[in-house]
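The values are calculated or read from the model by the stated rules, or taken from the named source; none is laboratory data. Bear in mind that the values here come from a model prediction, so they are computed numbers and not experimental data. Because the Cβ atoms are built from the backbone with ideal geometry, glycine has one as well, and the counts that use them run over all protein chains shown.
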Amino acid sequence: MEYQVLARKYRPQRFADVAGQDHVTRTLLNALEQNRVAHGYIFSGHRGIGKTTIARILAQALNCRNAVGSPERPTPEPCGICDSCSEVRSGNAVDVIEIDAATNRGIDEIRELRDAARYAPARDRYKVYILDEAHQITDAAFNALLKTLEEPPSHVIFMMATTEPENIPQTIRSRCQHFSFHAVKFDDILTQLRMIATQEQVEAEDAALALLAEAGDGSMRDALSIMDQAIASAPVENGRPVLSAAQIRELMGSVPNAVFERLLEAVAQGQSAELMDRLSILLNAGHSPSSLARQMVRYLRNALMAKIGGEQTELLQISADERARATRTAMLFSEEDITRNLQIVLRTFDDLNYRQEQRFHLELGLLKLIHAQRLLPLEEFLSCVAAGAGTGARATASAPPVRPAAPAAGPRASAPAPAAKPAAPSSSPFASSSNWSNPSAPRQTSAVAEPKAEKTVEIKSHAHKVTPFPVASSQPAAGFAETATEGALAKAPEPENQTAAPSSAALDATAIQRASCMALAAAGHDSASQLLSTAHWQLDGASLRIEVAGMGKKMLALTVNADAEKIIRQELQKLGAPTRFMVVPGAGSAPAAASAAVTIPAGSVQQAALEYPLVQKAKDIFQAEVRSVLDLRSK
């Protein structure tokens, strides 16, 4: 006997064997049992999910010679052994006519069908017409069929299978029962592939079967076709083909998703050189730029679904290992960042279809991912415009009005203040200066600018008197608002005839760290507040980098979660600091100076944990110290 491909050999012959279409099979079985069979059906859905198969099974059940309830046929399922069932299964039934509507789509063919439908069946109970790819029938042909479909003879049943039901006229759809088929779930395809591998005596790794199921993309027939090809190319050991994940990837021309995970890690860290090196290795190995872009689109989509619904969401039809990998990548970005990255890669994939230098365009598209991390959010930009801030101002409309700091005690305090109209409250850090709040006003003279220079000196003196603060306290420390305001005012440009006080990036980062940790503690994020108080904060142009030593990436994401990030971003907006920041694991251990600056509040969870007998005993045994305590009960 000639070889049959797996998709034909294992085609279901009973309703119960069809995977993933329970809503259709259950309805048809009930209709057969209650004798409520319609004269017209439309089966629509994805390719290779069982539309034509269910139409054939229904034709077998309608013409089966054994009555329902008999020993040969106890249920409405077809018996599969009578002559009618055998002929339908082999495609030789006289009264079951299967027509390819893609080639027999004209009005002449439909007229012949209409004329033949008037005659009674040759032997069976019903004359069944199965029209495959019915959406390709012309409108004129549909109109010729319209009257027959509305009032057909009692012995005629029409079944139309289509992948594009919207192209079937509404007048036809209203005369038929419409069943919308679902894409087959990943787990259902994987179960079917595992069963077939056992039947065919194929040694297959779980990772290999998962790759085949994922490549099917919801189509059982596609997955079986790829499996057929993989078995033919697999090495044979002890007379049995062996399927491995590496062999299937090579067959399909794909790369492991671990590669895309490392590429996106380089994007998250802003490492352009490493990103280009990894991409060069892939391209030099012979992988197509278009194929890499397509796979990266799919991987970013999975990361986005993991960010939205979590690791166990039904939106992810992939294996457990790939779910964990997509979740790890999702932790590196916000939902907005992943969406923007997906749009960039999709646009790059479209460009590759009509570009000659595909490599250059793929490299440019991936570099855009890194550059996009430095963009100012549109909301923040619009708020700056609404606030009337100057070029480069980072103030937002949600920031509280800034009050001028009190003058420092000293000889300058007795100097008469210049007569100037007080500025209206504004969200801009420069609201205390009439020059900045009103750009059309004339420039002030050096006599008016003198108090501003005095304030600059005062900022410097205050900044050097920063004291440790309790990170878990719900009350802000004294002088906090003044220090935060002065930190923002220190960034304002000075008049040309003044000598600006020296500014320190490390000093600004310290003020930002202090304010952010206090806001976290006030909001109940004690673990995140204590952890970030020992981190290294560094301002790098228009972004802020926070390195946490001695902390893994997954635990760091659990501690500094989305709510904590939102609080930090709000504090950055209030201070007029860059709102784009990145919390990453750092190398080594936390600085001792930073740890010493933390005061553990009395009665807190941290103090209770440090005083616990087992913790004390562990410190004595291992000669260690506890640098941070994470409270994950409310996370």
Exercise for the section: Answer yes or no as to whether ALA67 is outside any strand (DSSP E or B), among the aliphatic types (A, V, I, L, M) and more than 30 Å from THR171 (Cβ to Cβ). Expected result: yes
Fill in the blank from the handout: Subset of region 328-342, residues buried (at least 21 other Cβ atoms within 10 Å of the Cβ) and under 26 Å from LEU209 (Cβ atoms), comes to THR329, ALA330
Exercise for the section: Report whether or not GLU250 is acidic (Asp, Glu), in a helix (DSSP H, G or I) and either modelled with pLDDT of 90 or more or within 24 Å of ALA542 (Cβ to Cβ) (or both). Expected result: no
Practice task
Kindly indicate whether any position in region 192-204 is part of a helix (DSSP H, G or I), more than 33 Å from the chain's Cα centre (by Cα) and of a type in the set (Lys, Arg).
Solution key: no
Exercise for the section: Might you let me know whether region 110-122 holds any residue that is of a type in the set (Phe, Trp, Tyr) and within 50 Å of the chain's Cα centre (by Cα)? Expected result: no
Handout entry: Tabulated pairs, region 548-571, first over 18 Å from ALA268 (Cβ atoms), second modelled with pLDDT of 80 or more and surrounded by fewer than 17 Cβ atoms within 10 Å (Cβ to Cβ), C-beta under 7 angstrom, 6+ apart or interchain
Key = ILE567/ALA523
Fill in the blank from the handout: Residue pairs within 9 Å by beta carbon, gap of at least six or interchain, first lying in region 172-193 and in contact (Cβ under 8 Å) with a residue 24 or more places away in the chain, second of a type in the set (Lys, Arg) and buried (at least 17 other Cβ atoms within 10 Å of the Cβ), listed first then second, are PHE179/LYS51; PHE181/LYS51
Practice task
Name, by its number, the condition in (1) at pLDDT below 65; (2) of a type in the set (Ser, Thr, Tyr); (3) more than 26 Å from THR510 (Cα to Cα) that does not hold for TYR612.
Solution key: (1)
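Residue-wise test of (1) in contact with a His (Cβ under 7 Å, 6 or more places away or on another chain); (2) modelled with pLDDT under 80; (3) under 17 Å from GLN573 (Cα atoms); (4) in a strand (DSSP E or B).
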{"residue": "GLY524", "(1), (2), (3), (4)": "no, no, no, no"}
{"residue": "SER529", "(1), (2), (3), (4)": "no, no, no, no"}
{"residue": "LEU532", "(1), (2), (3), (4)": "no, no, no, no"}
{"residue": "LEU539", "(1), (2), (3), (4)": "no, no, yes, yes"}
{"residue": "LEU544", "(1), (2), (3), (4)": "no, no, yes, yes"}
{"residue": "GLU547", "(1), (2), (3), (4)": "yes, no, no, yes"}
{"residue": "MET551", "(1), (2), (3), (4)": "no, yes, no, no"}
{"residue": "MET555", "(1), (2), (3), (4)": "no, yes, no, no"}
{"residue": "LEU558", "(1), (2), (3), (4)": "no, yes, no, no"}
Exercise for the section: Output the residue which, of all residues in region 91-128 that are free of Cβ contacts under 8 Å to residues at least 60 places away in the same chain, outside any helix (DSSP H, G or I) and of a type in the set (Val, Ile, Thr), is farthest from VAL156 (Cα to Cα). Expected result: THR103
Exercise for the section: Return yes when ALA223 is crowded, with 18+ Cβ neighbours inside 10 Å, outside the structural domain of ASP351 (by TED's automatic domain parsing), touching a strand residue (DSSP E or B) at 6+ places or on another chain (Cβ under 6 Å) and part of a helix (DSSP H, G or I) and no when it is not. Expected result: no
Handout entry: Residue count for region 265-285, restricted to those that are outside any loop (DSSP other than H, G, I, E, B) and under 19 Å from LEU544 (Cα atoms)
Key = 5
Completion exercise
In the set ARG105, ARG56, ARG118, the lone residue that is crowded, with 19+ Cβ neighbours inside 10 Å, in the same structural domain as ASP17 (by TED's automatic domain parsing) and modelled with pLDDT under 90 is ARG105
